[in-house]
Amino acid sequence: MSDTAMNNGVFSLDNTKAPSESKVLPLFSLKGKTAIVSGAGAGIGLCVAQGFAEAGANVAIWYNSNKKALDRAAEIEQTYGVKCKAYQVNVTDPDLVKKVVNEIVQEFNGRLDVFVANSGIPWTQGPAINGEVSHYHKVVSTDLDGTFFCARAVGEIWRRQHQEGTDAFGNPLDNYTCGKFIATASMSGHIVNIPQLQAAYNAAKAGVIHLCRSLAVEWVQFARANSISPGYMATEISDFIPQETKNIWKSKIPMGREGEAFELKGAFLYLASDASSYTTGADILVDGGYALP
Ligand SMILES: NC(=O)c1ccc[n+]([C@@H]2O[C@H](COP(=O)([O-])OP(=O)(O)OC[C@H]3O[C@@H](n4cnc5c(N)ncnc54)[C@H](OP(=O)(O)O)[C@@H]3O)[C@@H](O)[C@H]2O)c1
C-alpha cells in the first residue's frame with residue numbers, strides 16, 4: 001500500500017476525516033462537483049447522470065456507439081443549468097480512457113469528484129460450453145476490464161488531488177473530501193440467473209463487486225469505492241430476451257415487476273455524495289427483493 005495508510009498490516013489512525021457539514025440535505029448536494037458517468041447515452045447511466053445534474057454536478061457522459069448521447073448532454077445542460085458534455089470512449093481501451101479522463105478534468109473546472117463505471121454488455125449465447133470464446137472475452141473485457149481501466153485512470157487523479165490538495169490548475173480544492181468511485185455491478189454478481197444462462201456475465205459482475213471492495217482498502221486515504229447491484233431494470237440491455245422469459249423473471253421478484261432506471265438515482269447519489277462519507281467497499285442491492293428468498 002502506498003503512502004502512510006497502512007504499515008506492516010496496521011492502518012494508521014485517523015487516516016480520513018468526517019465532512020465538516022452534518023445536515024442531511026446539504027450532504028447529498030453535488031453542487032460545483034465534477035462527475036463522469038460511462039455508458040450514459042441511455043438507460044441506467046443516463047438516469048444517473050440526470051440525477052447528479054439535479055443535485056448540482058457538472059457531468060461528462062460517455063457513450064460508445066449511441067450518438068444520441070450528444071443530444072442528451074445538451075438537454076441536461078439546458079434543463080439543469082450545469083455543464084454537460086458527451087464523449088465517445090470505448091472502455092476496453094485503457095490509453096483512451098486515461099486520455100479522455102484527463103481532458104475532462106481540464107475542461108471541467110480542473111477537478112474530478114465522482115466516476116461511475118456503468119458500461120456493460122450482456123452474455124447472449126446461453127450455456128457457457130456452447131458460447132464462443134470471443135464472446136466471453138468481449139463480455140469480460142467490457143464489464144470487468146473496462147471497470148478496472150476506468151478505476152486506474154481516476155484513482156491516479158484522486159491520489160494527486162489528495163496529496164497536493166489542489167485542482168489541475170494549482171488552485172486549492174474547494175468543497176472537496178475525496179474521490180468517489182461507483183461501479184454498476186449486478187445482482188448477477190450475487191445470484192445465478194435462471195432460466196437464461198450467462199456464466200461469463202455473472203462472473204464478471206462478481207469480479208466488479210470484489211474489485212470495488214479491494215480498491216476501497218487500497219485507496220482508503222484518497223477515495224471511496226462502492227458498487228450498486230441492480231436487479232432486473234427495464235432498459236435496452238435486455239431487449240434480446242423473449243417476453244416469456246421476462247414473465248418468468250417477474251414471478252421470481254417479490255415486488256412482482258422490473259425496476260425503472262430512475263429508481264436507482266437515489267442509491268447512486270448517496271454513494272456519490274458526502275452523505276455516504278463513512279461507506280466504502282459496500283455493495284447496494286436494488287433488486288425489488290429478488291436476492292432474498
Ligand atoms: N438493465 C438491467 O436489468 C441491469 C441489471 C443489472 C446490471 N445492469 C448493468 O447496468 C449497466 C447499464 O446497463 P443498462 O441496463 O442501462 O443498459 P444499456 O442502456 O444497454 O447500457 C449499457 C451501456 O454500456 C455501454 N457500453 C457497451 N460497450 C461499451 C464499451 N466497449 N465501451 C464503453 N461503453 C460501452 C453502452 O454504450 P453505447 O450504447 O453508447 O454503445 C451503453 O450505454 C450495465 O453495466 C449493466 O450490466 C443492468
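The values are calculated or read from the model by the stated rules, or taken from the named source; none is laboratory data. For clarity, every value in this text was computed on a predicted model and none was experimentally measured. Cβ placement follows ideal geometry from the backbone for every residue including glycine, while neighbour counts extend to all protein chains displayed.
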Seminar exercise, completed: Pairing a residue in segment 61-80 that is charged (D, E, K, R) with any residue that is in a helix (DSSP H, G or I) and within 9 Å of the ligand (Cβ to nearest atom), where Cβ atoms lie under 9 Å and the two sit 6 or more apart in sequence or on different chains, gives R72/L46
Exercise. W249 passes all but one of (1) modelled with pLDDT of 95 or more; (2) over 17 Å from the mean Cα position of the chain (by Cα); (3) crowded, with 17+ Cβ neighbours inside 10 Å; which number fails?
Worked result: (1)
For this session: Can you work out which of the residues in segment 110-124 that are within 16 Å of the ligand (Cβ to nearest atom) and either in a helix (DSSP H, G or I) or surrounded by fewer than 23 Cβ atoms within 10 Å (Cβ to Cβ) (or both) is farthest from the chain's Cα centre (by Cα)?
Result: T124
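Hey, any hits in segment 252-261 for a residue that's of a type in the set (D, E), surrounded by fewer than 14 Cβ atoms within 10 Å (Cβ to Cβ) and within 16 Å of the ligand (Cβ to nearest atom)? Lay out the reasoning, then the answer.
Here is the first cut: in segment 252-261, the ones of a type in the set (D, E) are 258, 260.
The next check asks that each one be surrounded by fewer than 14 Cβ atoms within 10 Å (Cβ to Cβ); those that pass are 260.
Those left that are additionally within 16 Å of the ligand (Cβ to nearest atom): 260.
Yes, some residue in segment 252-261 is of a type in the set (D, E), surrounded by fewer than 14 Cβ atoms within 10 Å (Cβ to Cβ) and within 16 Å of the ligand (Cβ to nearest atom).
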Exercise. Looking at this structure, is Y290 touching a residue at least 40 places away in the same chain (Cβ under 8 Å) and surrounded by 14 or more Cβ atoms within 10 Å (Cβ to Cβ)?
Worked result: yes
Exercise. Got a number for residues in segment 59-109 being part of a loop (DSSP other than H, G, I, E, B), more than 14 Å from the ligand (Cβ to nearest atom) and in contact with a helix residue (DSSP H, G or I) (Cβ under 8 Å, 6 or more places away or on another chain)?
Worked result: 2
For this session: Just name the residue that is farthest from the ligand (Cβ to nearest atom) out of those in segment 39-50 that are in a helix (DSSP H, G or I) and either closer than 15 Å to G81 by Cβ or hydrophobic (A, V, I, L, M, F, W, C) (or both).
Result: Q50
Problem set entry | Odd one out for V24 among (1) within 16 Å of the ligand (Cβ to nearest atom); (2) aliphatic (A, V, I, L, M); (3) closer than 25 Å to G266 by Cβ | (1)
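Just one of A69, A74, A42 is among the hydrophobic types (A, V, I, L, M, F, W, C), over 19 Å from the mean Cα position of the chain (by Cα) and more than 27 Å from Q221 (Cα to Cα); which is it?
Just a single option satisfies the conditions, and that option is A74.
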Problem set entry | Residue identified as of a type in the set (S, T, N, Q) and touching a Ser or Thr at 6+ places or on another chain (Cβ under 6 Å) among N64, N118 | N118
Seminar exercise, completed: Here the qualifying pairs (Cβ atoms under 6 Å; residues six or more apart or on different chains; first in segment 109-122 and in contact (Cβ under 8 Å) with a residue 60 or more places away in the chain; second of a type outside the set (A, V, I, L, M, F, W, C) and part of a loop (DSSP other than H, G, I, E, B)) come out as G110/D167; R111/D167; D113/K33; A117/S38; N118/S38; N118/G39; S119/S38; S119/G39
Problem set entry | Residue count for segment 222-244, restricted to those that are over 24 Å from F52 (Cβ atoms), surrounded by 14 or more Cβ atoms within 10 Å (Cβ to Cβ) and more than 11 Å from the ligand (Cβ to nearest atom) | 0
For this session: Would you please name the residue that is nearest to the ligand (Cβ to nearest atom), looking only at residues in segment 157-187 that are free of Cβ contacts under 8 Å to residues at least 24 places away in the same chain and farther than 18 Å from A18 by Cβ?
Result: R160
Exercise. Can you name the number of the only condition in (1) more than 27 Å from G266 (Cβ to Cβ); (2) at pLDDT 95 or above; (3) surrounded by 15 or more Cβ atoms within 10 Å (Cβ to Cβ) that A5 fails?
Worked result: (2)
